[in-house]
Amino acid sequence: EKKMYRVTIYRNELMIAKFIEDIISQAVGKARKIGQSGDQVYIHEVIQTSDGHFDEVECTLKTTI
């Protein structure tokens, strides 16, 4: 199993981006590059299982850009 971070960015309640990063600082940095002021960002810790699927662990960060 490998710990990763799934990021979703919402603008006006519409998802505009979704991606996965290995390191939380990279996830936050990429979200700031993609997002605009007022966007909602959710970062969930996920575990990648040996069969390649992702299991969500918890919401690590919820913030507004």
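Expressed as a whole percentage, what fraction of the accessible surface of the chain belongs to carbon and sulfur atoms when a 1.4 Å probe is rolled over the protein heavy atoms?
The nonpolar share, carbon plus sulfur, comes to 46 percent.
Put +1 on the Cβ of every Lys and Arg and -1 on every Asp and Glu Cβ in the chain; which of N12, Q48, I24 then has its Cα farthest towards the positive end of the dipole?
After comparing all options, I get N12.
Which residues make up the longest stretch of the chain clear of GluC sites (Glu not before Pro) that lie in a DSSP loop with no more than 11 other Cβ atoms within 10 Å, not counting the sites?
Maximal segment without exposed cleavage sites: 14-65.
Quick query: amide H of D39 versus all other amide H atoms, modeled in the peptide plane; which residues come in under 5 Å with a sequence gap of 5 or more or a different chain?
I65
With angles folded into 0 to 90 degrees, how steeply does helix 24-34 sit against the dominant principal axis of the chain? Use alpha carbons for both and round to 10.
Helix 24-34 sits roughly 40 degrees off the main axis of the chain.
Determine the per residue accessible area of the chain with all protein chains present and a 1.4 angstrom probe, expressed in square angstrom.
Per-residue accessible area for the chain comes out at 67 Å².
The values are calculated or read from the model by the stated rules, or taken from the named source; none is laboratory data. Keep in mind that what you see is a predicted model, and the values were worked out from it rather than measured. Heads up, the Cβs are rebuilt from the backbone with ideal geometry, glycines too, and the neighbour counts pull from every protein chain shown. For the accessible areas, the whole protein counts, side chains as well, though only heavy atoms, and no ligand, DNA or RNA atoms are used. Shrake-Rupley method; radii C 1.70, N 1.55, O 1.52, S 1.80 Å.
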